[in-house]
1. Compute the relative contact order of the chain as a whole-number percentage, counting only Cα pairs closer than 8 Å that sit 6 or more residues apart in sequence.
2. Using a 1.4 angstrom probe and counting only protein chains, how large is the accessible area of K186 in Å², to 10?
3. How big is the accessible area of W5 in square angstrom, nearest 10, if you roll a 1.4 angstrom probe over the protein chains?
4. Take the Cα pairs of the stretch 1-104, get the Kirkwood Rh, then feed it into Stokes-Einstein at 37 °C and 0.692 mPa s and tell me D in µm²/s.
5. What whole-number distance in Å separates the alpha-carbon centres of the stretch 177-193 and the stretch 1-67?
6. Consider just the alpha-carbon atoms of the stretch 182-269 and return their Rg together with their Dmax, both in angstrom.
7. On the first, second and third principal axes, largest extent first, how far apart are the outermost C-alpha atoms of the chain in Å?
8. At a 1.4 Å probe radius, which order do V201, V228 fall into by accessible area, largest first?
Amino acid sequence: MQDLWWYIDGWQWHGLQWGTGSRLLICFHGFGEDAARFQVLEAALGSDFTIVALDLPFHGGTRLDASVDAASLPVNWRLLIQQIMQRFHQQRCALLGYSLGGRICLQLIQEMPQLFHLLILLAPDGLHHNFWFYFLTRTYIGKKLFRWHVDHPHLFFGITQSLERIGFLSPSFKKFLDGQMNTRSKRMQVWRTWNSLRTFVPDLAQVKKNIQRFEIACYLLFGKYDRVIKPDYGTTFCKSLAQARMFILDCGHQLLTTETAMFIKQQLDLHS
């Protein structure tokens with residue numbers, strides 16, 4: 001494992017590298033995690049790929065200069081991807097996104113599809129319209145409420161308790177939300193991260209057109225018991241998309257395992 005660093009427009013980016021393969025695989029993790037989660041891929045994929053996993057904004061070692069306002073300085077994702085590919089002397093590469101990282105991958109396929117030949121999505125966010133993401137990051141009232149919530153969480157917890165009581169939230173999903181919001185530091189991380197990704201609302205029709213036009217192989221994996229990202233979202237996305245192969249595994253939301261990595265390896269070998 002090797003540490004990697006990039007410095008772009010006030011952002012300090014941290015990543016980790018595994019593997020010795022000739023192809024490049026860039027990975028994006030889920031909320032509250034970090035690049036180290038992708039070490040589980042090394043044994044299965046490290047001989048085929050050089051694996052580069054990035055810490056998302058405000059996760060791990062990825063930081064914004066303290067003198068810069070995150071709300072006024074969006075991430076230059078195009079320049080970041082280009083610099084990574086230049087470092088590893090690649091013209092095209094593969095993407096892998098888990099959960100929130102899936103939203104990033106979808107947006108990259110929308111904006112710069114010519115750079116990618118393979119897309120692997122594990123329980124990806126971004127396959128359906130997320131009203132709360134849009135409201136809290138793109139509207140004036142929503143942004144004010146979102147920031148207020150960081151220091152005054154009682155309203156949020158009151159609402160989620162009521163929604164669980166009347167059956168609009170499953171106990172497992174409420175537990176997931178509570179785990180993301182139960183301290184001020186976690187709430188601030190949610191606020192900062194969502195704002196850094198506020199423009200990432202993938203146009204799925206365009207994403208599918210780009211996958212077809214640039215012949216990007218696409219693999220989607222979901223957990224059968226996932227209450228956070230439902231497999232139904234993948235079924236809808238894969239309709240009329242010949243390049244897409246979708247699989248439902250016997251697990252929940254946690255798909256970053258050595259078993260999943262081996263399954264991906266098997267599928268890539270089968271269809272190569």
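The values are calculated or read from the model by the stated rules, or taken from the named source; none is laboratory data. Treat the numbers as computed from the prediction; the structure is a model and nothing was measured. Keep in mind that these areas ignore ligands, DNA and RNA; they rest on the heavy atoms of the full protein, side chains included. Shrake-Rupley method; radii C 1.70, N 1.55, O 1.52, S 1.80 Å.
1. Computed over the chain, the figure is 19 percent.
2. Using a 1.4 Å probe on the heavy atoms, I get roughly 70 Å².
3. Estimated to the nearest 10 Å², W5 gives 100 Å².
4. Taking Rh from Cα pairs, D becomes 236 µm²/s.
5. 22 Å
6. 15.9, 45
7. So the three principal-axis extents are 51, 43, 33 Å.
8. V201, V228
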